[in-house]
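What follows is a set of notes on a single structure, which appears directly below.
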Amino acid sequence: MAKPDIHPTWYPDAKVFCDGKEIMTVGSTKPQLSVDVWSGNHPFYTGTQKIIDTEGRVERFMRKYGMADTAATPSTDAAKADADKTDADKA
């Protein structure tokens, strides 16, 4: 059994607000909660996530681990042309 007078007041129907709109009700020690991000507006959950590519890091990662379209990268096109030249020299 919980000791009396040592626990904060429990609000079983605390309202959660995001951008001034009531989102949901939860149990909390505060009557109102204000949040900036929740699953209804987070880019990961809404499918609007954008990757900001600084200095080609994402492209380099994709090439390194074979996830990128190899025809789209200019460096691989040059490598293919060099390989074709060496194959022609061998024949």
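Since every read-out is calculated from the coordinates, none of them should be taken as a lab result. It should be emphasised that the depicted structure is a prediction, and the values quoted were computed from it without experimental measurement. Reconstructed Cβ throughout: ideal geometry from the backbone, glycine too, with neighbour counts over all protein chains shown.
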Given the criteria among the hydroxyl-bearing types (Ser, Thr, Tyr), surrounded by fewer than 10 Cβ atoms within 10 Å (Cβ to Cβ) and either touching a residue at least 40 places away in the same chain (Cβ under 8 Å) or at negative phi (or both), does residue 9 qualify?
yes
Can you report the number of residues in region 38-55 which are surrounded by 12 or more Cβ atoms within 10 Å (Cβ to Cβ) and among the aliphatic types (A, V, I, L, M)?
0
